[in-house]
Structure formats: structure tokens, C-alpha cells
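Some notes on the structure that comes next.
Please treat every number below as a calculation from the coordinates, not as lab data. Values in this document were obtained by computation on a predicted structure and should not be read as measured data.
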Amino acid sequence: MRHTIQNKEARFNYEILDEFEAGLILKGDEIKSIRANRVNLKGSYVKLFYTKKGQPEVFLVGSHFYSQTLDPYRTRKLLMHQSEIKTLIGKTVEKGLTIVPLSIYIKSGKAKIKIALGRGKKLYDKRAAIREKELNIKQRRILNSLG
């Protein structure tokens, strides 16, 4: 997993409850943008749609793939097992749960995306996370100066 693009904003804004791996259908030169780390997941989310036959499908919305030939913000289909999709549907019906992309990477030559069920954090939770991060940095600096 050398070419991993992280969505740092997702872990900051959401409490991650459950993670899933999905395949990603790409067109044209979009795989090159993953290999070149030219993908932006900030502000993107995963949406569930139903086909005319009533089958649920999962799509990545709002991500930016650098592409010279295609629309960089186009909606991309995700490949998941029907049982996983039904699990997502069941859990998103619960109050306040969202499906957010965490990272995109290449595994065995295929583009994969890690998505997660997340519950939005409150402002005070975000402040506490920032405070904790600053304390950890301060502790590391003190330990490095001693050792």
C-alpha cells in the first residue's frame, strides 16, 4: 500500500464506528492520479442509490481526482458485496450516522477505498482532540530533549 491518500478531515470530524473496504471503478487516467497522490477526499462522502430493479448501489461523491480528460469531481461507483451494502443501509437509518471515505490506495494493482460509518463529533469533542494532540507533541519534545 505505497500509494495511500488519507482523508484526515474525516477522522477529525467523525467518530469512526465501523470500516469497510470497497473497489473503485475508475475511467481513463484516474488511476494515474492515485499513483501520483493527486486525489483530494476533503469534503467527499458516500451515497446510497437504488437501481430501477431495487438493488442498492454505493457511490463516492465530491472527491477530486486530477484528470486531464474527465470531470475531476464526477461521481464514482464503488464495488461492494450486497450484504455489506445492506449493513450500511441498516446502520445509516440510525440517527446521525454518515458514510465517509477514509483513504484510497492500490492493492494488488486494483484501486481500493476504505470507507467508514461515522457519527459527527461535537465542537467540544474536536477541541478535546486538539488539546490531546498538543499535549502529546509537548511530551515528545520533552522526552527528546532529555534523551
* Asked: Rounded to a whole number, what is D in µm²/s for the range 1-78 from Stokes-Einstein with the Kirkwood radius over alpha-carbon pairs (20 °C, 1.002 mPa s)?
  -> 155 µm²/s
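In Å, what Kirkwood hydrodynamic radius results for the chain from the alpha-carbon pair distances?
Every distinct Cα pair counted, the radius reaches 16.9 Å.
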* Residue by residue through the range 131-138, which ³J(HN,Hα) values in whole Hz follow from phi under the Karplus form 6.51 cos²θ - 1.76 cosθ + 1.60 (θ = phi - 60°), with glycine and proline marked x? -> 4, 5, 4, 5, 5, 4, 5, 4
* Asked: At q = 0.18, 0.24, 0.34 Å⁻¹, what log₁₀ I(q)/I(0) does a Debye calculation on the Cα points of the range 88-132 give, no solvent, two decimals?
  -> -0.73, -0.86, -1.07
* Report the relative contact order of the chain, percent, no decimals, based on alpha-carbon pairs under 8 angstrom and at least 6 residues apart. => 32 percent
* Could you pull out every residue, at least 5 positions away or on a different chain, whose amide H is within less than 5 Å of the one on K121? Hs are placed 1.01 Å off N in the peptide plane, and Pro or chain starts have none. => Y14, E15
* What residues qualify as long-range amide H neighbours of D18, i.e. H under 5 Å apart, gap of 5 or more or another chain, H built at 1.01 Å from N? -> L117
* Would you mind pulling out the separation of the Cα centroids of the range 4-51 and the range 82-96, in Å? => 18 Å
